[in-house]
Ligand SMILES: Cc1cc2nc3c(=O)[nH]c(=O)nc-3n(C[C@H](O)[C@H](O)[C@H](O)COP(=O)(O)OP(=O)(O)OC[C@H]3O[C@@H](n4cnc5c(N)ncnc54)[C@H](O)[C@@H]3O)c2cc1C
């Protein structure tokens, strides 16, 4: 990377996930002084890769896919030959059967039977007619799905999986979010695809190939860290504990690690830490009603259980979706199907995602109990024999998903508006903005704030590419 002389700005970045690192990278490249503070022992946030005894896994399989050419080129150049192209192959397990994902009409009809398929189709048609007569505003995910797919389809496919993922009733999940981010609601695309479109080619999220770093998604963050550290610092294991402000400017942050506590001054501050946390860290504290609004924004947490297996491969799938609540995890992936380098030769691993709320019964189970439960279900599903298990590892990922409850947008807007008074504060990223960002959006968001900071130097995003 070539470092270009900067304008003497001194930017402090809160959070070393993809957003914070991308901002740090672009500012470093532009010759700025940057310090990134990350509370965890390693960078990457949700997009990190855990390594144990030669086995590697992401916090839920992370595929890199974007329709934004600038971001695609940025990551391609940064990763310089580390990316592999992976075929996307997924299944859904329901009613004791595996269905193709995206669903195909024949597969769906075989799985559901002709009478059920006809019921779905007629219910859908009836719904369409009703919608023409009665124009209703959708408030919740339930309203939206019933209007677009019919009640039968909602009950059959959507209700259980959505409630498993989000942990609240579909009538409390915001329709606004579903409508905006429908590309994220992958199950819906699959279902609509199967019954009403008969082709998945027009759906970007169902693209049949994606990019993946050979050694796991965490390599993207590691590469960004390496580049930043050529000139600047990324401080891991260092939490931001307070954000001081005066006269509508952030003046400093207080950081703490296991050795010391320090006050750090800067001219600009980029926050990619969760939006409600930033509000709580402000000193002096914001007015009570702002604190109250922040407390209304909640997250869904995630537990990852990786099971190492003494076999070369268990499936040939990228993801397997498990909507039924009687099985405690919601999604499985086998990292060796993404890159053979994710496990020692001749061995594999399966990685299960448990959607949970911090401190609920699942979150509180011991690692041993979670591993036991996982292995029991994997065996029941016919994937493995307990004797093949070499070991397991449980990782808890708090605040994995912003919880888009009805009304969340107005809370976010109120917080954005409050924070906009701070002339030198930039908020960005998934939890930082409380948005359903994928990795490409997180990178774009980080590069975007860097561009804003550099504006006075007339640098442009398109000019920022790794060398
Ligand atoms: C299960 C799952 C699967 C996903 N799959 C995909 C996928 O296939 N493709 C895709 O594109 N995207 C996927 N995503 C989304 C992707 O993970 C995110 O978009 C991206 O990682 C967000 O990056 P970020 O930097 O904005 O946030 P984060 O990764 O949350 O980073 C924020 C960082 O701030 C740190 N932090 C928080 N508080 C403090 C503090 N007080 N002091 C210091 N540091 C702090 C955190 O430790 C964290 O490292 C998935 C997400 C999940 C949960």
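Derivation of every value follows stated rules applied to the coordinates shown; laboratory data play no part. A quick note: this is a predicted structure, and the numbers were derived from the prediction, not measured. Backbone-built Cβ (ideal geometry, glycine too); neighbour counts: all protein chains shown.
Against the chain, whose longest principal axis comes from its Cα atoms, helix 408-419 is set at around 0 degrees. Taking the C-alpha atoms only, the angle from helix 367-380 to the longest principal axis of the chain is near 30 degrees. As a length-normalised measure over Cα pairs under 8 Å and 6 or more apart, the relative contact order of the range 299-402 settles at 44 percent. Ranked by the mean number of other Cβ atoms within 10 Å of their residues, highest first, the peptides 342-350, 255-263, 220-228 fall in the order 220-228, 342-350, 255-263. Ellipsoid fit via the Cα gyration tensor, the range 299-402: semi-axes of 23, 15, 13 Å, each the root of five times an eigenvalue, largest first. Can you work out the base-10 log of I(q)/I(0) for the range 247-291 at q = 0.15, 0.18, 0.21, 0.33 1/Å, using the Debye formula on its C-alpha atoms alone? Values, matching the q order: -0.46, -0.65, -0.86, -1.27.
With contacts taken as Cα pairs under 8 Å and at least 6 residues apart, the chain reaches a relative contact order of 25 percent.
Where only DSSP H runs of four or more residues are counted, the chain gives -10000 deg cm²/dmol as its mean residue ellipticity at 222 nm, each run worth -39500 (n - 2.57). Among beta bridges identified by DSSP and lying wholly in the chain, the antiparallel ones come to about 70 percent. Across all Cα atoms of the range 318-467, the radius of gyration (one decimal) and Dmax (whole number) stand at 21.1, 63 Å. Per-residue Cβ neighbour counts within 10 Å put 212, 426 in the sequence 426, 212, beginning with the fewest. Helix 18-29 and the long axis of the chain differ in direction by around 40°, with both axes built from C-alpha atoms.
Measuring between their Cα centroids, the range 28-106 and the range 220-292 lie 26 Å from each other.
Placing one equal scatterer on every Cα of the chain and applying the Debye formula, the log10 ratio I(q)/I(0) at q = 0.10, 0.11, 0.13 Å⁻¹ is -0.79, -0.96, -1.29.
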